[in-house]
């Protein structure tokens, strides 16, 4: 697999609660890649939570910080990167994402809701009907997610190991193995 990837970063995109961090950690381990989580890097760099950034400075400020972190992360190779759910909404982020392999982990909104209903750290879900909000966000972002190189629909009870197996099977179908150099010149 590594000969096909040739150090290419893999960016996991999808809605909050899609499993990008868990799947990303397993995938990185299987590939012998480093794992990076843009949300965790943002919290570490700012010394505050994403929730607090949204509350104190607003979403536009968060998106600017997110872009700066992505720019730094994109400089690495041999990385699996879990991104924030809205990273695809900023067209300028695609200037970095397109240099890696972008994988959309597509999980139905009801499954996302079931996973997130007890998670108070999601600023975009702080409203009366979080399931409707998830559906609205997915509807708004779908065309951006569809720009991913690989679209993986995920069932509600699918294990992260099974998802990684599916990813490792799918990656060679969209990446071509490197071509062999010529055997030398003939006189």
What helices (runs of 4 or more DSSP H) lie completely within the stretch 1-51 and have 2 or more residues being touching a strand residue (DSSP E or B) at 6+ places or on another chain (Cβ under 8 Å)? 20-31, 38-46
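If you check residue 25 against the conditions, is it surrounded by fewer than 19 Cβ atoms within 10 Å (Cβ to Cβ) and under 13 Å from the mean Cα position of the chain (by Cα)? Break it down into steps so the answer makes sense when it comes.
On the way: surrounded by fewer than 19 Cβ atoms within 10 Å (Cβ to Cβ): yes; under 13 Å from the mean Cα position of the chain (by Cα): yes.
Considered against the rule, which asks whether it is surrounded by fewer than 19 Cβ atoms within 10 Å (Cβ to Cβ) and under 13 Å from the mean Cα position of the chain (by Cα), residue 25 comes out as yes.
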So if I check each of 77, 68, 91, 72, which one is under 21 Å from residue 167 (Cα atoms) and surrounded by fewer than 16 Cβ atoms within 10 Å (Cβ to Cβ)? 77
What number of residues within the stretch 78-98 are closer than 13 Å to residue 9 by Cα and modelled with pLDDT under 95? 1
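The values are calculated or read from the model by the stated rules, or taken from the named source; none is laboratory data. All values reported here derive from a predicted model rather than from experimental measurement. Because the Cβ atoms are built from the backbone with ideal geometry, glycine has one as well, and the counts that use them run over all protein chains shown.
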